[in-house]
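> Just passing along the structure, written as C-alpha cells.
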Amino acid sequence: NAGVMQNPRHLVRRRGQEARLRCSPMKGHSHVYWYRQLPEEGLKFMVYLQKENIIDESGMPKERFSAEFPKEGPSILRIQQVVRGDSAAYFCASSPTFARDTYEQYFGPGTRLTVT
Amino acid sequence: AQKITQTQPGMFVQEKEAVTLDCTYDTSDQSYGLFWYKQPSSGEMIFLIYQGSYDEQNATEGRYSLNFQKARKSANLVISASQLGDSAMYFCASSSGGSYIPTFGRGTSLIVHP
C-alpha cells in the first residue's frame, strides 16, 4: 500500500518561472492538505482540498499561489512567478475522510523548491 | 491561536541513553491535541505520538513517551534507549480539538552518538 507520493522531490526554478508540485494521496484518501516549511521553521498549513473542492485556503498566500485537486489525477500546488522567498519544502498530507485531528493525516516526503 | 516553543535547537545523546526534548505550548482552548513528529535527513515527516488534553495518562508508543504536564503547559518527548537511527529533527505540534490545522514548533535537532 503506497504512501503519499510527491513529485518532484527536488525542483529548481529561476525567478519568474512557474513551479508545479504534485501530490498523489494514499489509495482511498480523498482529502489533501498542503504545508510549507521554510528553512529552520516548522510546517505551516496552506490549503485543504477535497476532490474538486477547496475547503480551506486560509494559509495560502493571496497572490501567485493556487491549488487544485481534480476528480482524476494528483493534487497540484502551483506557484506562478516564483521569487527567492518561495524556496522551501512543500509537504502534502492526505486523509481518508475529514481529518478530525492532525494525527489522522499521512505526510508525503515533500518537494524541495529552490528558486535561483 | 496556538503557539509552540521548542527551546533546544540541538541536542546530543549517547547511544542507548534516554533523552528528553522540550516543548511548551500556549493555548486558550480547553480541548486540544499535542503531537510529535520526526523528520530524518531524507525529509519525510513521521508521526510519532499524540496526547489529548483530556487524557489523564501520558501517551506512550514503544520507546517514545510524552511527558504531559498540563498545568505547566509542557509536552516533552522522552526517547528511551536512543538508537543511531533516532538522529533527526523533532517537531512538536498542537491543534485545537477537532481541528485539522496544526501549529508546529521550530524543531529540535537530535544527534545520537555511538
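> Quick one: how many residues across segment A:74-104 are buried (at least 17 other Cβ atoms within 10 Å of the Cβ) and modelled with pLDDT under 85?
Residues meeting the conditions: 5.
> Hey, among the residues in segment B:77-113 that are touching an Asp or Glu at 6+ places or on another chain (Cβ under 7 Å) and modelled with pLDDT of 95 or more, which one's nearest to A:M46 (Cα to Cα)?
Step by step, filter segment B:77-113, then rank; the result is B:L110.
> Has segment B:61-82 got any residue that is within 12 Å of chain A (Cβ to nearest Cβ), out of contact with any Ser or Thr (no Cβ under 8 Å at 6 or more places or on another chain) and in a strand (DSSP E or B)?
The answer is yes, given that some residue of segment B:61-82 is within 12 Å of chain A (Cβ to nearest Cβ), out of contact with any Ser or Thr (no Cβ under 8 Å at 6 or more places or on another chain) and in a strand (DSSP E or B).
> Look at A:T114 and say whether it is part of a loop (DSSP other than H, G, I, E, B), more than 8 Å from chain B (Cβ to nearest Cβ) and of a type in the set (S, T, Y). Working first, answer last.
Numbers: part of a loop (DSSP other than H, G, I, E, B): no; more than 8 Å from chain B (Cβ to nearest Cβ): yes; of a type in the set (S, T, Y): yes.
Judged against the criteria, A:T114 is not a match.
> Could you check how many residues of segment B:47-89 are touching a Lys or Arg at 6+ places or on another chain (Cβ under 6 Å) and within 23 Å of A:V4 (Cα to Cα)?
Total satisfying the criteria: 2.
> Consider only pairs whose beta carbons are under 7 Å apart and that are at least six residues apart or on different chains; among these, list those whose first residue lies in segment B:45-57 and is surrounded by fewer than 18 Cβ atoms within 10 Å (Cβ to Cβ) and whose second residue is among the aromatic types (F, W, Y).
Pairs found: B:I46/B:Y37.
> Hey, can you tell me all the residues within segment A:56-86 that are free of Cβ contacts under 8 Å to residues at least 12 places away in the same chain and in a strand (DSSP E or B)?
Correct list: A:D56 only.
> When only residues in segment A:11-44 that are closer than 22 Å to B:A93 by Cβ and out of contact with any strand residue (DSSP E or B) (no Cβ under 6 Å at 6 or more places or on another chain) count, which is least open to solvent (accessible area, probe 1.4 Å)?
Restricting to residues being closer than 22 Å to B:A93 by Cβ and out of contact with any strand residue (DSSP E or B) (no Cβ under 6 Å at 6 or more places or on another chain), the top hit is A:E41.
> Among the residues in segment B:87-104, are any more than 21 Å from B:Q8 (Cβ to Cβ), within 14 Å of chain A (Cβ to nearest Cβ) and hydrophobic (A, V, I, L, M, F, W, C)? Before you say what the answer is, go through the steps one by one.
To start, the set of residues in segment B:87-104 that are more than 21 Å from B:Q8 (Cβ to Cβ) comprises B:95-101.
From what is left, the residues that are within 14 Å of chain A (Cβ to nearest Cβ) are B:95-101.
Narrowing the set further to residues that are hydrophobic (A, V, I, L, M, F, W, C) leaves B:101.
For segment B:87-104, residues more than 21 Å from B:Q8 (Cβ to Cβ), within 14 Å of chain A (Cβ to nearest Cβ) and hydrophobic (A, V, I, L, M, F, W, C): present.
> Which of the residues belonging to segment B:25-55 are facing chain A (nearest Cβ under 9 Å) and not in a strand (DSSP E or B)?
B:S42, B:G43, B:E44, B:M45
> Tell me, which residue of segment B:11-35 that is at pLDDT below 95 and open to solvent by less than 30 Å² (accessible area, probe 1.4 Å) is nearest to B:Q83 (Cα to Cα)?
That would be B:F35.
The values are calculated or read from the model by the stated rules, or taken from the named source; none is laboratory data. This one's a predicted model, so the numbers in the text were calculated from it and none came from an experiment. Ideal geometry is used to build each Cβ from the backbone, glycine not excepted, and the neighbour counts take in all protein chains shown. The area values use the complete protein model at the heavy-atom level, side chains included, leaving out ligands, DNA and RNA. Shrake-Rupley method; radii C 1.70, N 1.55, O 1.52, S 1.80 Å.
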